Amino acid sequence: MVKTIRGLTLSGVAMLLTTALMLPAIQTHAADAVKGSNIEQGKELAFSRKKGNCLACHMIKDGVSPGNIAPPLVMMKSRFPDKNVLRAQIWDASKRNPETAMPLFGKYEVLTESELDKVTDFIYSL
Ligand code: HEC
């Protein structure tokens, strides 16, 4: 009986110790994941002049001196509940407006498909 209780307590302590030791590692890992996430990478692509350059025309949160010839990209989930519709808009804006001033990022391969996924993830998060 005593042996069992002691055994339980010991394994309980061991578990606590293991968890405590692993916690910093888990936290560091999570921080890395956020830094390298699709949303973060998508933001870099969207803000980069050589890639998305969305700020030339759109106001986007955190963006410096944005243009205003296009609608501000805010509350995207309520305007584009379906993420695929949002992606399609960025892929080829001429589908919705044949006269659009917006570059056809996917159609003209300004962005690769995987870059487009990341930009969409970022815009969808706004
Ligand atoms: C040269 C200007 C220009 C650039 C650069 C540009 N857009 Fe646009 N965008 C527009 C215009 C103008 C519209 C308004 C609809 C239209 O005329 O096609 C628009 C519309 C949109 C819409 C639809 C907004 C709504 O509420 O209907 C989204 C989403 C969008 N753009 C995303 C982007 C993203 C993401 C980028 C960068 C990868 C980008 N745009 C770069 C001009 C631009």
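The values are calculated or read from the model by the stated rules, or taken from the named source; none is laboratory data. Predicted model, so just to flag it, every value in this text is computed and none were measured. FYI the Cβ positions are ideal-geometry reconstructions off the backbone, even for glycines, and counts take in every protein chain you see.
When residue 75 is tested against (1) exposed (fewer than 12 other Cβ atoms within 10 Å of the Cβ); (2) touching a residue at least 40 places away in the same chain (Cβ under 8 Å); (3) within 16 Å of residue 52 (Cβ to Cβ), exactly one condition is not met: (3). Set side by side, the residues 40, 109 differ, and just one is more than 8 Å from the ligand (Cβ to nearest atom) and assigned to a helix (DSSP H, G or I), which is 40. Among the residues of segment 63-70, are any more than 16 Å from the ligand (Cβ to nearest atom), at pLDDT below 95 and not in a helix (DSSP H, G or I)? Scanning segment 63-70, I find no residue that is more than 16 Å from the ligand (Cβ to nearest atom), at pLDDT below 95 and not in a helix (DSSP H, G or I), so the answer is no. Filtering segment 77-89 to residues that are near the ligand (Cβ under 8 Å from one of its atoms) and either outside the structural domain of residue 47 (by TED's automatic domain parsing) or in contact with a helix residue (DSSP H, G or I) (Cβ under 7 Å, 6 or more places away or on another chain) (or both) leaves 80, 86. Residues that are more than 11 Å from residue 52 (Cα to Cα) and in a helix (DSSP H, G or I) were ranked within segment 90-106; the one that is nearest to the ligand (Cβ to nearest atom) is 93.
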